[in-house]
1. Among 63, 38, 180, which residue has its Cα positioned farthest towards the positive end of the charge dipole of the chain, with +1 placed on the Cβ of Lys and Arg, -1 on the Cβ of Asp and Glu, and the dipole taken about the Cα centre?
2. Could you grab the relative contact order for region 1-97? Cα pairs under 8 Å, six or more apart, rounded to a whole percent.
3. For the chain, build the charge dipole from Cβ charges (+1 Lys, Arg; -1 Asp, Glu) around the Cα centre, then report which of 20, 134, 154 sits farthest towards its positive end.
4. Going from the alpha-carbon gyration tensor of region 21-177, what semi-axes, largest first and in whole Å, does one get by taking the root of 5 times each eigenvalue?
5. Under unit Cβ charges (Lys, Arg +1; Asp, Glu -1), what dipole magnitude, rounded to 20 debye, does region 119-187 have relative to its Cα centre?
6. Counting other Cβ atoms within 10 Å, which GluC sites (Glu not before Pro) in region 77-125 have at most 11 and lie in a DSSP loop?
7. Divide by every residue of the chain the summed helix terms, -39500 (n - 2.57) for each DSSP H run of at least 4, and state the resulting mean residue ellipticity at 222 nm, rounded to the nearest 500 deg cm²/dmol.
8. What residues from region 48-66 fall in the zone where the backbone N is under 18 Å from a label point 7 Å along the Cα-to-C-beta line of residue 122?
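The numbers here are math on the coordinates, done by the rules we state, and not lab data. If you're wondering where the values come from, they're calculated on a predicted model, not measured in any experiment. With ideal geometry, Cβ positions are generated from the backbone for all residues, glycine too; neighbour counts draw on all protein chains shown.
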Amino acid sequence: MARARRRDPAAPFGRCEPKLLSRPLEFIHVEHLRHRELCQAAEDLAEAETLDRRLAEAVVNFLRSEMTLHVIDEEEDLFPVLRRRLKPSDEAGRIIGLLSGEHAADEKLSQEIASGLSAAIDAKATALPKPIRNALLAFADRQRRHLSVENAIVLPLASQRLSKRDLDEIARRMAARRGIRLRGSST
Ligand SMILES: [Fe+2]
Ligand SMILES: [Fe+2]
């Protein structure tokens, strides 16, 4: 049985201030904290006897918006730049490859969960079907491991290897992806 958990209805997984985009590694780290909250919500939904529709909607919205943007941030900006800056002695190239593979697999799982939760919400279901519960538990488990590796290996290495110019360019691209123009950015 899921334990009751207090969540801010306006920000059930916490907030990540846009101004933090100028420090992209910190922004990603805060996003990872929000992903841990998302994992807890996924487990709560999977274990609850009755469906919390508001929480289910919040999970669907997060998966389809912020989580999608986050994966693009890593796949199109952070990972490619970090790969270029790795030293021959760094063994992180293989790990980045594994994380990219997980992004692709988890995208499928995310879509499955979002569709399943949306269908349950639309049908005014009082409980979730077993396959969706299993998908939510698998997602939480996979995400937690993924986050641990990114936090323990990728972000510390990025802070060592990326230059100020690299970070500014990543920040500019991540902000543009969200329709935000950073101060001092010419584009
Ligand atoms: Fe991440
Ligand atoms: Fe990731």
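1. 180
2. Numbers: 40 pairs, mean separation 23.4, N = 97.
After rounding, I find 24 percent.
3. 20
4. Numbers: eigenvalues 214, 47, 28 Å².
Each semi-axis is √(5λ); the values are 33, 15, 12 Å.
5. Numbers: 15 positive and 6 negative charges, 29 e Å.
Rounded to the nearest 20 debye, it is 140 debye.
6. Details: sites: 91, 102, 107, 112; in loops: 91.
For GluC sites (Glu not before Pro) across region 77-125 that sit outside H, G, I, E and B with at most 11 neighbouring Cβ atoms in 10 Å, the list reads 91.
7. Details: 8 runs with 122 residues, N = 187.
Mean residue ellipticity at 222 nm (helix-derived): -21500 deg cm²/dmol.
8. Only 53-54, 56-65 pass the distance filter.
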